[in-house]
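A short worksheet on the structure shown next.
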Amino acid sequence: MEANLPEKLARHLRSRVREMVADLRDLVVCESPSLEKTPADRCCALLAAKWRKRGGRVELLPQKHRGDHLRVTWQPAGARTQGQLMVLGHYDTVYASGTLGKMPFRVKSGKAFGPGTFDMKGGLVQALFALEALQALKIRLRKRIVFVWNSDEEIGSDSSRKLIETEARRSDAVFVLEPSLGPRGLLKTARKGVGEAELIVHGRASHAGLAPEDGINAVHEIAMQIARIEGWNDLPRGISVNADVIEGGTRSNVIAERARAVLDLRALRISDMRSIEKRLRSLRPVHRGAKLEIRGGFNRAPLEHKVTAALFVQAKSLAAQMGLSLGEATAGGGSDGNLTGALGVPTLDGLGAVGDGAHSRHEHLVVRAMPQRAALLAALLAIA
Ligand SMILES: [Zn+2]
């Protein structure tokens with residue numbers, strides 16, 4: 001690697017910060033809720049246009065119900081490349097159309113506010129400019145780069161999962177543009193796996209006064225099951241299981257025929273994820289005659305530290321060359337990085353914006369960090 005490449009990239013990118021903010025504004029004012037296809041498609045088309053200006057093969061992958069997904073392949077001209085790197089992002093946000101009216105895009109005291117600035121349109125902009133910087137400085141790339149940006153990360157990535165997994169399998173490393181953590185911009189080198197399961201109990205209704213012996217109380221049954229499930233929690237180990245919703249029964253004087261619980265499942269290790277799923281499937285009724293039905297399970301497997309560690313060491317050393325001390329953290333929530341990491345593909349997450357307030361009214365990113373983080377990504381793409 002060229003001496004001081006990260007610093008050279010950072011210097012170039014600092015001179016582009018105005019343009020970065022302008023692109024961020026374009027993307028934020030083009031609202032892109034996961035659940036609204038028409039506006040999401042508009043944002044996808046805008047991203048595609050921004051890519052076309054920079055070159056690369058731009059493909060819109062049409063979706064029936066969700067926004068289209070975007071895949072951009074950058075094959076450096078004239079260079080023989082070996083292998084592929086993937087830059088993974090999502091352009092959907094959790095904000096419904098019209099949110100901009102209440103939280104408009106604005107830059108104040110060095111921070112850019114607005115829906116999706118931090119999670120993760122800032123990260124997308126950084127990636128656009130990372131590639132542009134590599135082009136402008138004529139840095140030779142050793143690998144083909146594929147940018148996959150989907151429209152449904154915030155709702156579980158059902159329509160994009162295949163695409164993400166296919167490209168990840170072809171890649172030597174995956175860089176994820178999710179926001180970093182905290183004011184120091186920690187990278188995410190582990191993420192819990194996340195799931196949702198539904199436990200439904202079928203009992204038998206009966207008159208609570210006239211024929212209690214004929215009833216099978218589904219509420220009693222589910223209460224006992226939940227007490228059992230609560231015992232699976234092991235917070236120091238990163239396992240949490242929570243019944244977040246319960247419902248059951250119809251009215252007083254009637255023994256409850258049906259009850260239902262929605263469980264939030266989290267685990268830090270793939271083996272723990274498997275054992276929780278197994279325990280769920282092997283639940284048996286306590287009350288004679290009650291029937292249990294289990295649906296769902298983990299949606300994203302844990303991103304284990306072992307698949308991120310080596311890339312983090314690289315990132316840390318590149319950041320140090322820019323005078324930046326880079327830290328790491330574990331996140332309790334999942335991202336699409338969990339999908340690629342579960343395949344065993346080295347994955348580094350949290351390479352996006354520095355800021356705060358994801359999914360909230362005060363969502364923002366720190367403008368000064370944009371060129372820095374873009375330079376870090378560019379340097380990783382140049383050496384990985
Ligand atoms: Zn995100």
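The values are calculated or read from the model by the stated rules, or taken from the named source; none is laboratory data. On a predicted model such as this, the values are computed, not experimentally measured, just so you know. Because the Cβ atoms are built from the backbone with ideal geometry, glycine has one as well, and the counts that use them run over all protein chains shown.
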Which count do you get for residues in the range 159-172 that are more than 15 Å from the ligand (Cβ to nearest atom) and either among the hydroxyl-bearing types (Ser, Thr, Tyr) or crowded, with 24+ Cβ neighbours inside 10 Å (or both)? 4
Residue count for the range 23-77, restricted to those that are touching a helix residue (DSSP H, G or I) at 6+ places or on another chain (Cβ under 7 Å) and among the polar types (S, T, N, Q): 2
Within 21 Å of the chain's Cα centre (by Cα) and at pLDDT below 95: which single residue out of GLY193, GLY156 fits that description? GLY156
Given the residues PHE105, PHE118, which is the only one that is buried (at least 24 other Cβ atoms within 10 Å of the Cβ) and either in contact (Cβ under 8 Å) with a residue 12 or more places away in the chain or not charged (D, E, K, R) (or both)? PHE118
Which listed residue is in contact with a strand residue (DSSP E or B) (Cβ under 7 Å, 6 or more places away or on another chain) and acidic (Asp, Glu), from ASP152, ASP172, ASP158: ASP172
Selection from the range 181-236 of residues that are part of a strand (DSSP E or B), among the charged types (D, E, K, R) and in contact with a Lys or Arg (Cβ under 6 Å, 6 or more places away or on another chain): GLU198
Read through the list (1) touching a residue at least 24 places away in the same chain (Cβ under 8 Å); (2) surrounded by fewer than 20 Cβ atoms within 10 Å (Cβ to Cβ); (3) more than 27 Å from ARG361 (Cβ to Cβ); (4) small (Gly, Ala, Ser), then give the number of the only condition that ALA77 fails. (1)
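I'd like the residue in the range 72-98 that is in a loop (DSSP other than H, G, I, E, B) and within 16 Å of the ligand (Cβ to nearest atom) and, out of all such residues, is nearest to PRO346 (Cα to Cα).
TYR91
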Output for the range 353-377, where each listed residue is in contact with a Lys or Arg (Cβ under 8 Å, 6 or more places away or on another chain) and closer than 16 Å to LYS108 by Cα: VAL354, GLY355, ARG361, HIS364, LEU365, VAL366, VAL367
Within the range 336-362, can you find the residues that are within 16 Å of the ligand (Cβ to nearest atom) and outside any loop (DSSP other than H, G, I, E, B)? ASP336, GLY337, ASN338, LEU339, THR340, GLY341, THR347, LEU348, ASP349, GLY355, ASP356
Could you grab me the full set of residues in the range 18-34 that are crowded, with 16+ Cβ neighbours inside 10 Å and in contact (Cβ under 8 Å) with a residue 60 or more places away in the chain? MET20, VAL21, ASP23, LEU24, ARG25, LEU27, VAL28, GLU31, SER32, PRO33, SER34
Hits in the range 126-158 - residues which are within 16 Å of the ligand (Cβ to nearest atom) and either outside any loop (DSSP other than H, G, I, E, B) or crowded, with 20+ Cβ neighbours inside 10 Å (or both): GLN126, ALA127, PHE147, VAL148, TRP149, ASN150, SER151, ASP152, GLU153, GLU154, ILE155, SER157
Could you count how many residues in the range 283-305 are in contact with a strand residue (DSSP E or B) (Cβ under 9 Å, 6 or more places away or on another chain) and over 18 Å from GLY337 (Cα atoms)? 14
Under the condition of being in a loop (DSSP other than H, G, I, E, B) and within 16 Å of the ligand (Cβ to nearest atom), which residue from the range 46-71 is nearest to ARG140 (Cα to Cα)? GLY67
Tally of residues being within 21 Å of the chain's Cα centre (by Cα), under 28 Å from LEU380 (Cβ atoms) and assigned to a helix (DSSP H, G or I) across the range 7-44: 5
If you go through the range 363-384 one residue at a time, do you hit one that is in a loop (DSSP other than H, G, I, E, B) and within 16 Å of the ligand (Cβ to nearest atom)? yes
Condition check for VAL307: within 30 Å of ALA382 (Cβ to Cβ) and buried (at least 16 other Cβ atoms within 10 Å of the Cβ): yes
